[in-house]
Amino acid sequence: MGQGVGRPDRSKSIRLEEYQTMTAEEQEEEEEEEECRADAVEKHSQQLKAICGLADLKNEAVGLYNIGLSCCLNSLLQVFFMNRHFTAILRRIKVPFGAADQKWSVPYQMLLLLEEMQRGRHEAVHPVGLARCLSKHEVRLFILYDASELFLILWNLIKSQIINLDLAESLAGLYTIQLQESLVCQKCSLETKNSSNMLMLPLPVFAYDSLPIRTLEDALRCFFAPEHLTGDSTCHCERCGKRTPCLQGMKVTCLPHILTLHLKRFCSKNSGRTQKISHYLSFPRNLDFNEILTAEQYQPGALEEGSGLYDLFAVVAHSGSANFGHYCAYIWSLTEHKWYCFNDSSVCQVSWDDVRCTFGNAGLRWSETAYLLVYLKKELAAAV
Amino acid sequence: MSQWQQIQMLDSIHREQVHRLYSDDCLPMEVREYLAYWIEEQNWNQVMQSDCSQAYWLFQTMLAHLDDQLGRLAYHAENNSNMVLKHNLRRSKLDLQAKYENHPEELANIIDGLLREERAILAAAATANSPSKVEPPPDTTVITGQENNIEDRLAEMRKAVQGLKNFIGQLEDLQEIFDFRFKAYKILENSAPSDPSLCKKLNELQVLINNLDRHRKDVLAQIQALLGRSDTLRDLLLSELSKWKDCQRRACIGDVCDTTLQQLEKWCTGNAEDLFHLLLVLQYLEDLHRKVTYSGDPLPLQLPQLKQRLQEQISCLLKSAFVVESQPKMPFPSRRPLLLKTNNKFSVRVRLLVKLMDQDHKMEVKIEIDSGSANLVGFRRFNILPSTTKTMVKDRPQVQGLVCDFSHIMLKEQKPCGSGKGKGGKGASEGSLPITEELHVITFTLDYCYLGLRCQLQTSTLPVVIFSNVNQASSAWASILWFNMLGADPKNQLFFSNPTAATWAKLSEVLSWQFLDATKRGLDAEQLKMLGKKLCGPKVKPQNIITWHQFCKETCPPGENFSFWTWLDGILGLIQEHLLELWKNNLIMGFVSRKREKDLLKEKREGTFLLRFSETTRDGGITCTWVGYNNGSPTFRSVVPYTKAELNSLALPDIIHDYQLLAEEDIPENPLRFLYPDIPRNEAFGPYYSERREGDLMEQRKYLNHRLIRVSSRHPDEPRLPGVNLQEPQIPGVNPQEPRLLSVNPQELRLLSMNPQEPQLPGVNPQEPQLPGVNPQEPRLLSMNPQEPRLLSMNPQGPRLLSMNPQEPQLPGVNPQEPRLPGVNPQEPRLLSVNPQEPQLPGVNPQEPQLPGVNDAFPLDNMNEVNVLLRNVMLDGNDPFLPPPAEDEQAEYHQLFGLPHEMPELILDDADF
């Protein structure tokens, strides 16, 4: 896959890629066996090398040119590409046969782009092929997308176009958050349960009392807080046969390996004008769901391995106003253990201080504020 | 250090990798070595992407540099020691020339690759080696501290801005080339529309414009990245600034900390300079855009946003960089800062830490008091005299930097109209604060203008307390202490309508600072413990809570007529006036309870004494207690405390030296022999005795000299210590005034004369004005208590409190609309739209519109038909810095160019040229 597009002069890296794809599949089984064992760091990196091959280990941060307001797309692509759990899946996709199919397939175009980036000849690459492919799927250039919206579009396109069902399943498993929603009628206490899957949690930035929320933990708590539905928002109760006030609660049944959180920083006012909320909201480098949610709200099912510990992996930050702005991505390099900031074609190594800068500040309406946060489950981040 | 130098410092394993890198002879290593700096300075990546003329030029420059090197080698070495080297270098040069003469861009490509590989090796080496390595490569700087962090970031930013300027230069070149060729093409097109070379020329133009477009996008991405980094730098600077402010606040109440501003000024100025340079870069880019633009040009979309963001950043920095360097202070009568007396001169200095100003813009600072605080009901109002504006000046001979000194200003109280005086009539002051708890704030406003950026900067002093009578100074200072100790919000002028309590840990620290500041000697743990017990009872702990009322209102000890603070401040005054040297040299134990005093002394030799501050004397009193033994059991005696009145006439060391206890049948003796623990009296106090002339009997003198001494005598009827209860010699509740068996009679001042012939001659010595007839006890009684009457009328729990919202004091600048966004609908059912099977777009929610997005003027349904529209090429390129006003009629050219990699057929519209 992808060998055809490589230039012959870099035969070395192409060989590595082949090697990599083969070993990655072999490793899949081994991985399951070894999962429980806590290995020393030395061993992890060995394993890492075996799984990802040198191509991913060298996984240098490479920029993507902005080809027509594509900063949002670029930022999201970088978040995908720097995550080797995602690229491990991407590298195993079946290559479509015909040229037209190839041009149509989003995952294949992403793979091509990834390989072009990692061939390492340039500091930045034009994502033209992918952009062209996306435009076939109604994702256009010169439109400024909302990052959360575009992320969902992209993800769904990728998943639906992966032909191998197993792969599609593991992709879904990697990202899907399973929730259970319950409605308890306040009249007859009939409880209706409803499970749902989400790709990201849209977190409020204001609490119910309209006070700004200051930390991500509080935003999560607020999201999961039970809510009394009264007045206009009452629900129909089957037993009572009418709309009754009820208590709406939510709990997590399964947290994925890659947890995407969306801070709802864009709010519309009465007039319908969208406004950006830039107040301070801090997020930690490590999240522990056992601490944030009550035992009732967080009941890790049998499917879920490990505890609810997460490490921050990426921050997609937005600067500017609601109508027009710029996206950039702060990503923790899993291979180099450093933070990088991706601003289209400009890539630079940064520190946690820089990432903290995206907490926001009510007085600075134009500066960068975190918009999407991606956390990786701890075991995963350490082991694979 | 250049990259090549770092390479040479690598360990053998990594150096081996470098050798491998250079093994295929694409670029001989000696060339890399000899031209190390030059090679690293060129932007090879850039060259690779632009046209080959630049690559050719670089190639030729490189050969020229090599020739230079060869010449230098020949010059330096007549003895031919480096003949081999010379030979190799010459051969390398010829090789290079032969190999890349026709493809200079290939060489650029190779060098770019090599440099990147080198960097990768360096980075790998850096991660392999522990940070103990002497010189880490620049990519992995080990951050040792915030200071280094800021310095590094400043340097990095300066470099980036410089790089950006160079990059803009290249951009301009590209643009001019395009401009020129485009004009040539237009002329040709108009004169010979059927020329077959037109098509080829158009293709060339397309390549140029594509390249230009990429450069513009690159420059924008770089600026975005730079703004992100400078955001961080600004945050770091602001946190340093707030640390400084905290230091200043603590220094005001006596802490010793560094409040110099040089470092911060350097940083802020450096950062501001870079940001202003960046602003110029943006303006320059605007000019470039005005000259050449095309469809899909990123400049018009992104520049305004970048500019907004940058301006916001600059004004944020400026606003925090305007600080009060020295808080208001009177030279007289009190050296304590933040205490102002009406009609007394005081001084205050403000500084702008960004040392940048336009010479032709006069920077006037306006000073105001209590501006915009209409809610201060019952507060006195003041005018500032003589003038309320002053010009800020840069780098005066005495003071560096942009400062403004208000040095001879004073406050005059506005007399309220109508009747009543002082606090605007008694009726209005119902429930208001006493004047020593009224906090006033002095505000400075500066209209700043630099390089076209205008903003209004404002800064305020810490709250000051304004009094009109000197005897209010002590309680005014208590307010300042309390407020600053708690680090309350400096804007909260009504702090004392509901003052927060302090922990003993905090208060004890601040109390010690008071002594440290006034006397150069703080309080030790034992002394603080005694004070703590006084305030919080016998089980004092650091987390004990002390209220403002306890500190400065309640009488302490109960039953006396003064508060803890009044007592302590009295002692401070006493030490400063009379006991400074003794206190500094730790001869005064001072704060020790009577019980503990006895515990300490009972183990000691007879005649061991210590000095202790009286707990029952209002304006500070000091006493000494000594131990004596009677049949093996210790007895303790203390003398009635000496106050300022007595010490005015006789210094304490002299009192101690000459002290005598008169007893009926004994000869007078000085019971004070050893200062606790066991220093002989004269050894401890010898250096402080006032100079005395011993009577020389041989000399014929008119008068013999005399001196005053203190004597205590027992009453004759007093039993001579028979009833000393050996079991409990110390009675904690003893009242020292009351002459019990332990206490000694009230002092008597006696004039002892050496000459028996000469009877006591009181008042003989004009140097010593204090007449024995004046009872030293009496003046104390006369001193009135100015605090008292006011205290009665005060109501600290006034109803005014209601107007303050304690919930959110920290969001002053917030857009009032912001916190309450009706768009956030708490009722909104959150998950209903999700399909449980497949996670789909939970974010698409009609309540929360996504970014509307810039609507596409040029939809790209099919990339093969993507067009780049060429529009409005203004042909005036002579004066890049001062572009002519945009011409009204904007020529429109609809020219259809493909995006990179896709070159469609061109349809040209020559309507307007």
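Values computed for the structure shown
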read-out: Members of B:K329/B:K529; B:K307/B:K366; B:K266/B:K319; B:K329/B:K390; A:K264/B:K245 lying beyond 25 Å, as alpha-carbon distances in this model show; value: B:K329/B:K529; B:K307/B:K366; A:K264/B:K245
read-out: Estimated FRET transfer efficiency (B:N190, B:C52; beta-carbon r; R0 25 Å; 0.05); value: 0.25
read-out: Inter-centroid distance (Cα atoms) of region A:234-253 relative to region B:1-36, Å; value: 72
read-out: Which of B:H657, B:H19, A:H236 is most accessible, then next, and so on - probe 1.4 Å; value: A:H236, B:H19, B:H657
read-out: Karplus-derived HN-Hα couplings along region A:219-233 (A = 6.51, B = -1.76, C = 1.60, θ = phi - 60°), whole Hz, x at Gly and Pro; value: 5, 5, 4, 5, 4, 8, 5, x, 9, 8, 9, 9, x, 5, 9
read-out: Region A:154-263 - percent of accessible surface contributed by carbon and sulfur, probe 1.4 Å; value: 51
read-out: Average accessible area per residue (Å²) across region B:577-674 - probe 1.4 Å, nucleic acids and ligands excluded; value: 36
read-out: Segment B:E526-B:T503, extension gain: residue separation times 0.36 nm, minus the distance between their alpha carbons; value: 6.5 nm
read-out: Cut-off under 5 Å, modelled amide H: who pairs with A:Q299 long-range; value: A:V252
read-out: Efficiency of FRET between B:H19 and B:K99 - r from beta-carbon atoms, R0 25 angstrom, step 0.05; value: 0.75
read-out: Inter-part distance where region B:527-552 and region B:236-281 are each reduced to a Cα centre, Å; value: 36
read-out: Label-point separation, B:Y629 to B:T260 (7 Å along Cα→Cβ), nm; value: 5.7
read-out: Label point distance in nm, B:H361-B:N469, each placed 7 Å from Cα along Cα→Cβ; value: 5.0
read-out: In sequence order, calculated HN-Hα J values of region B:308-319 (Karplus, 6.51, -1.76, 1.60; Hz; x Gly/Pro); value: 4, 5, 5, 5, 4, 5, 5, 5, 4, 5, 4, 4
read-out: Solvent-accessible area buried by A and B, counting both chains, probe 1.4 angstrom, square angstrom; value: 7700
read-out: Square roots of five times the Cα gyration tensor eigenvalues for region A:84-205, Å; value: 36, 17, 14
read-out: Accessible heavy-atom area order of B:D173, B:D619, A:D354, highest first, probe of 1.4 Å; value: B:D173, B:D619, A:D354
read-out: Placed amide H near A:L281: partners under 5 Å, 5+ positions off or other chain; value: A:G360
read-out: Per-residue ³J(HN,Hα) for region A:248-259, Karplus 6.51 cos²θ - 1.76 cosθ + 1.60, θ = phi - 60°, Hz, x for Gly and Pro; value: 9, x, 8, 9, 8, 9, 8, 9, x, 5, 10, 10
read-out: Contour excess over end-to-end distance, with Cα ends at B:N88 and B:C449 and 0.36 nm allotted per residue; value: 123.9 nm
read-out: Rounded to the nearest 10 Å², the accessible area of B:E615 at probe 1.4 Å; value: 40
read-out: At R0 = 60 Å, FRET efficiency that the Cβ-Cβ distance of B:L63 and A:S282 yields, to 0.05; value: 0.60
read-out: Amide H within-cut-off set for B:Q327, under 5 Å, with H built and near neighbours excluded; value: none
read-out: Extension gain from B:N670 to B:K200, taking 0.36 nm per residue of separation minus the Cα-Cα distance; value: 157.4 nm
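The values are calculated or read from the model by the stated rules, or taken from the named source; none is laboratory data. Bear in mind the structure is a predicted one, so any value in this text is a computation, not a measurement. Reconstructed Cβ throughout: ideal geometry from the backbone, glycine too, with neighbour counts over all protein chains shown. We work out accessible area using only protein heavy atoms, side chains counted, and drop any ligands, DNA or RNA first. Shrake-Rupley method; radii C 1.70, N 1.55, O 1.52, S 1.80 Å.
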